Amino acid sequence: MHGNLAITDLNDLYLPIQEAIRTVQPIFLLYLVSYFMPGSSITKLEAYLYAMGVTLSSMLSVVLHQLYFFNGHRTGMHLRIATTGCVYRKASVIIIFRKFTTCRSGSRLSGSERSGKILDVN
């Protein structure tokens, strides 16, 4: 079992949760600002709860944003390493292929004949 299975399973949930937070945070802010309007029916406790909602949603948004980009960069680095490994293996095969390939006359291939020749290793 992969050690980071729980973290990678949450990758699909980052964006919907962050969009929900972006939707709810202005609503909390609206009610918080309406507390300061004259004739408001919002109590002081409710205003504190709305302020806490704005603060918590902001903090959660920052944490989720960081985790989303961390996993994105991590996946990008994995792809970069895999691509580099494939290119290195392919280059190694081409170098080995050039060492042991000879022309019909028995001499080694010249530089112009070697360029662009790629060995299919499938």
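The values are calculated or read from the model by the stated rules, or taken from the named source; none is laboratory data. Just so you know, these numbers come straight off a predicted model, no measurement behind them. As a convention, Cβ positions derive from the backbone with ideal geometry for all residues, glycine included, and neighbour counts pool all protein chains shown.
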Quiz item: Any residue at all in region 64-71 that is at pLDDT below 90, surrounded by 10 or more Cβ atoms within 10 Å (Cβ to Cβ) and not in a helix (DSSP H, G or I)?
Solution: no
Quiz prompt | Checking SER40 against (1) part of a loop (DSSP other than H, G, I, E, B); (2) surrounded by fewer than 10 Cβ atoms within 10 Å (Cβ to Cβ); (3) at pLDDT 85 or above, the condition it does not meet | solution = (2)
Quiz item: Going by the conditions given, is GLN18 in a helix (DSSP H, G or I) and either among the small types (Gly, Ala, Ser) or out of contact with any helix residue (DSSP H, G or I) (no Cβ under 8 Å at 6 or more places or on another chain) (or both)?
Solution: no
Quiz item: Pairs under 8 Å by beta carbon, first residue on the phi < 0 side of the Ramachandran plot in region 36-62, partner of a type in the set (Lys, Arg), six or more apart or different chains?
Solution: SER61/ARG22
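For (1) aromatic (Phe, Trp, Tyr); (2) out of contact with any strand residue (DSSP E or B) (no Cβ under 7 Å at 6 or more places or on another chain); (3) farther than 21 Å from GLU19 by Cα, each residue gets a yes or a no:
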{"position": "VAL33", "(1), (2), (3)": "no, yes, yes"}
{"position": "SER40", "(1), (2), (3)": "no, yes, yes"}
{"position": "THR43", "(1), (2), (3)": "no, yes, yes"}
{"position": "ALA47", "(1), (2), (3)": "no, yes, yes"}
{"position": "MET52", "(1), (2), (3)": "no, yes, no"}
{"position": "SER61", "(1), (2), (3)": "no, yes, no"}
{"position": "PHE69", "(1), (2), (3)": "yes, yes, no"}
{"position": "LEU79", "(1), (2), (3)": "no, yes, yes"}
{"position": "TYR88", "(1), (2), (3)": "yes, yes, yes"}
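So that you can scan it fast, the table gives a plain yes or no per residue for (1) surrounded by 10 or more Cβ atoms within 10 Å (Cβ to Cβ); (2) at pLDDT below 60; (3) of a type outside the set (D, E, K, R):
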position	(1), (2), (3)
SER57	yes, no, yes
THR75	yes, no, yes
ARG80	yes, no, no
THR83	yes, no, yes
VAL87	yes, no, yes
GLY106	no, yes, yes
ARG114	yes, yes, no
